[in-house]
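Working notes, structure below.
The values are calculated or read from the model by the stated rules, or taken from the named source; none is laboratory data. Remember, predicted model here, so these are calculated numbers, not experimental data. Cβ sites come from the backbone with ideal geometry, for glycine too, and all protein chains shown count toward neighbours. Note: accessible area is taken over every heavy atom of the protein model, side chains too, but ligands, DNA and RNA are not part of it. Shrake-Rupley method; radii C 1.70, N 1.55, O 1.52, S 1.80 Å.
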Amino acid sequence: MSLPNIKNLSLPALEEKILSWGVKSYVRDQILIWLYRERVTSFDEMTNLSKELRRRLAETFVIDRMEVERTLHSVDGSQKFLFKLADGQKIESVLMPQKNDRLTLCISSQVGCAIGCCFCKTAEMGLMRNLTQGEILGQVLEVQQTLPHKKRISNIVFMGMGEPFHNYETVISALKLLRDPRCFNFGKRKITVSTSGLAPEIEKFGKDADVKLALSLNATTDPSRTEIMPINKAFPMERLQKACRTYNDLTGLTITIEYVLFAGLNDSREDAKRLVRFLSPLNTKINVIPYNEYPGSPFKRPSDEKIRDFHHTLADHNFQVNIRYSKGLDIMGACGQLATA
């Protein structure tokens, strides 16, 4: 029987284990630094720990690494990483260069996805399983290892494969390590978790995590949203609006609204005006995302004129709105294109 991966331990679980061995609590900090800042691959490398503790750790845990099976390079500088997991399942992550030398890593939280959005390539896989904490953090660790000296991942977005709130407790635990100064030390405004709209979890997230939230909205009426995102049957737009208001009140943070534009479906001026009315009570900014087509998709990207008109309608109502042109289109690394099957 294989030993458990120590990177799957939450902060409280690691401390509990150390204390149960009669070791001082500060040793937990040393272990965290070795694992996540120094990125060691064996307990023997933890040279400021006693030989006895290193032996006990090695008898109890392993330090697993993620296997990068393939890396694809885009003409825009993006890179898509295909990871092979210990059980043979596969996931994808995308590293995207941004302005001002920022590097944003889009990571996955599940193998596949159960939400079933009909415009998303990942949805065609269905849900295989949740990722472990070690697999979530492993994407960050392994991609960082590929970067030149002094280059650092600056931002993390949970916008890869899966619905993060369907793997809620593990994602929350991973976020605490990503934020922890002994580990990854990402600021709260450097991490964004995206959801398709699980309203109770949005409200809970406002209490449990101090990072940014993105909502994949993509429609302005319940019938049209339900057509493309079946989750809307469970949590229709009025319920979503209430949840977002609760998150705003709890955190004081702005919610990023992701609005994918589909030709003839949700790209009219009337849609833009309905979006204005829906978002008016909330503290939000809007990313308008022209649809990224892929072979076999029933949807089309709107014309540039339609995209600009939609943007102008929102901007005229004093919303902070950006047109977000996805990176990695030539390597199927853009928004909604990640899939391994």
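Taking R0 as 30 Å, what FRET efficiency do you get between residue 283 and residue 154 from their Cβ-Cβ distance, rounded to the nearest 0.05? Efficiency computed from Cβ-Cβ geometry: 0.80.
Length gained on full extension, residue 59 to residue 42, computed as 0.36 nm times the residue gap minus the Cα-Cα distance: 4.9 nm.
Between the helical axis of 304-315 and the longest alpha-carbon principal axis of the chain there is an angle of about 80 degrees. Within the chain, DSSP assigns beta bridges of which about 45% are antiparallel (rounded to the nearest 5). If you bin all the Cα-Cα distances of region 123-217 at 5 Å, starting from zero, the percentages per bin are 3, 12, 24, 25, 20, 10, 5, 2, 0.
How much net charge surrounds residue 188 when only the other residues with a Cβ under 9 Å from the Cβ of residue 188 are counted, with Lys and Arg +1 and Asp and Glu -1? Show your work: numbers first, answer last.
Values: positive: 179, 189, 190, 212; negative: 210.
Taking every other residue near residue 188 into account, the sum is +3.
Rolling a 1.4 Å probe over the protein heavy atoms leaves residue 21 with an accessible area of roughly 40 Å².
Greater than 21 Å separation of Cα atoms is the criterion. Which listed pairs, 188/273; 190/285; 7/84; 84/176; 151/285, meet it? Walk me through the intermediate numbers first.
Working: 188/273 32 Å; 190/285 16 Å; 7/84 17 Å; 84/176 25 Å; 151/285 29 Å.
From 188/273; 190/285; 7/84; 84/176; 151/285, over 21 Å: 188/273; 84/176; 151/285.
Applying 1/(1 + (r/R0)^6) with R0 = 30 Å to the Cβ-Cβ distance of residue 169 and residue 84 gives a FRET efficiency near 0.75. Three principal axis extents of region 263-324 based on alpha-carbon atoms, in descending order, are 38, 19, 17 Å. This structure gives Rg/Rh (Cα atoms, Kirkwood Rh), computed directly, and of [x] 0.99; [y] 1.32; [z] 1.49 that value is listed as [x]. For the chain, the longest principal axis of the Cα atoms and the long axis of helix 199-208 meet at an angle of about 40 degrees.
Where does each of 14, 250 land when they are ordered by accessible area, with a 1.4 Å probe and the largest first? Intermediate values should be presented prior to the final figure.
Values: 14 10, 250 85 Å².
Solvent-accessible surface, decreasing: 250, 14.
Using the Cβ-Cβ distance between residue 19 and residue 239 with R0 = 35 Å, the FRET efficiency computed as 1/(1 + (r/R0)^6) comes to roughly 0.25. Distance from the Cα centroid of region 119-164 to that of region 168-227 is 14 Å (rounded to whole angstrom). Give the residue list of trypsin sites (Lys or Arg not before Pro) in region 74-149 that are DSSP loop and have at most 13 other beta-carbon atoms within 10 angstrom. Answer by residue number: 102.
Here the simple spin-label model places points 7 Å from the Cα toward Cβ, and for residue 68 and residue 317 these points are separated by 4.4 nm.
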